[in-house]
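Novice: One structure is given below, represented as structure tokens, and several questions about it will come after.
Readers should treat all values here as calculations from the given coordinates under stated rules, not as data from a laboratory. Just so you know, these numbers come straight off a predicted model, no measurement behind them. As a convention, Cβ positions derive from the backbone with ideal geometry for all residues, glycine included, and neighbour counts pool all protein chains shown.
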């Protein structure tokens, strides 16, 4: 079987770009459409976007969950973390950690090799504390708690307002 090196290389480049696009589309959707993310961004100059795969209800497939966070979580294998500037599309990669069983695939000079993933794996193995260290501009836990309380109060007030309007219009109708 003859293999055209240029065609194979082009397919590999396309495959890697396609994977990158899918990851960043998920992060962008969380950043711009997730209701919690939008609320966090209205109170904070940045948010974290944490992603991890979970098995679907049928037990056969996996899907990525995208969660906005105010505080940097601890590093875990099989997770991705981005730090995003609020109301922008600027994302900073904190880590890209695949499942530990897949780590050999990402070693240098392998088909799936990726410098960001390789760096994340090395940091996780040898410098996990630094990988999980908060950004210098991060909120303290009490500050983040106050932000979450403010968002909760706003949500409760909004629901109460909707409830009052619903009752008023139902009574007058």
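Novice: When a footprinting reagent is the concern and you count Cβ atoms within 10 Å, what order do 31, 65 take, fewest first?
Specialist: If I rank by nearby Cβ atoms, fewest first, I get 65, 31.
Novice: For the stretch 52-114, just say rounded, prolate or oblate: build the C-alpha gyration tensor, square-root its eigenvalues into a ≥ b ≥ c, call rounded for a/c under 1.5, and beyond that prolate if a/b exceeds b/c, oblate if not.
Specialist: It is oblate, given that a/c is not under 1.5 and a/b is not larger than b/c.
Novice: Give me the distance in nm between label points sitting 7 Å out from Cα along the Cα-to-Cβ direction at residue 162 and residue 86, one decimal.
Specialist: Output for this residue pair reads 2.2 nm.
Novice: Fewest to most neighbouring Cβ within 10 Å: what's the order for 69, 153, 128?
Specialist: In order of increasing Cβ crowding within 10 Å: 153, 128, 69.
Novice: By count of other Cβ within 10 Å, fewest leading, how are 52, 135 ordered?
Specialist: Working: 52 17, 135 12.
Least to most surrounded, the residues fall as 135, 52.
Novice: Taking only the C-alpha atoms, wrap a convex hull around the stretch 5-139 and report its volume per residue in Å³ as a whole number.
Specialist: Output value, Cα hull per residue: 132 Å³.
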